[in-house]
Amino acid sequence: MRAFRDLRVWKKAHQLTLDIYKATVAFPSEEKYGLTSQIRRSCESIPANIAEGCGRIGGSELGRYLGIAMGSASELGYQLLLAHDLRLLNSVEYDRLSGDGTEVKRMLTSFIKTLNAQN
């Protein structure tokens, strides 16, 4: 079992989730159960799956949850693009959030490679 709060990737994903919540507050109310909800759920799934994987026994289980987190990060990437194309996010917000999402994916990839090398 690992302490997820000590992981840099979890910290980055958690901060991204906080930033996503702030950015989506201004979305139109008609998107509350649509894109706003989808973006928030996919983003919060990233640190949640890292945390859950850290609570599992064995590197292979952790790796599986990191893979799920990676899928959620990819889903978030598309949803941010959609929000930008719908003019719900301006270019500055989109670039910042998308860049942070890409950084989380890089960190997850590195963590997964490290785990695989240990097994």
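From the residues in region 53-64 that are over 17 Å from residue 117 (Cα atoms) and surrounded by 16 or more Cβ atoms within 10 Å (Cβ to Cβ), which one is farthest from the chain's Cα centre (by Cα)?
Across region 53-64, the extreme among qualifying residues is 54.
Being under 14 Å from residue 9 (Cα atoms) and polar (S, T, N, Q) is the filter here, so list the residues in region 73-119 that pass it.
Hits for region 73-119 are 102, 109, 110, 114.
Of all residues in region 32-50, which are in contact with a Ser or Thr (Cβ under 8 Å, 6 or more places away or on another chain) and among the charged types (D, E, K, R)?
The answer is 40, 44.
Would it be correct to say that residue 13 is under 18 Å from the mean Cα position of the chain (by Cα) and crowded, with 21+ Cβ neighbours inside 10 Å? Explain how you work it out, then say what you get.
Values: under 18 Å from the mean Cα position of the chain (by Cα): yes; crowded, with 21+ Cβ neighbours inside 10 Å: yes.
Yes; evaluated as a whole, the condition is true for this residue.
Taking the stated definitions as given, is residue 71 touching a residue at least 12 places away in the same chain (Cβ under 8 Å) and either surrounded by fewer than 20 Cβ atoms within 10 Å (Cβ to Cβ) or in contact with a Phe, Trp or Tyr (Cβ under 7 Å, 6 or more places away or on another chain) (or both)?
On the way: touching a residue at least 12 places away in the same chain (Cβ under 8 Å): no; either surrounded by fewer than 20 Cβ atoms within 10 Å (Cβ to Cβ) or in contact with a Phe, Trp or Tyr (Cβ under 7 Å, 6 or more places away or on another chain) (or both): yes.
No; evaluated as a whole, the condition is false for this residue.
Can you tell me how many residues in region 32-64 are among the hydroxyl-bearing types (Ser, Thr, Tyr) and in contact (Cβ under 8 Å) with a residue 12 or more places away in the chain?
4
Every read-out reported here was derived from the displayed coordinates using simple, explicitly stated rules and does not represent laboratory data. Being a predicted model, the structure only gives us computed values, none of them experimental. Methodologically, a virtual Cβ is constructed for each residue, glycine included, from the backbone with ideal geometry; neighbour enumeration extends over all protein chains shown.
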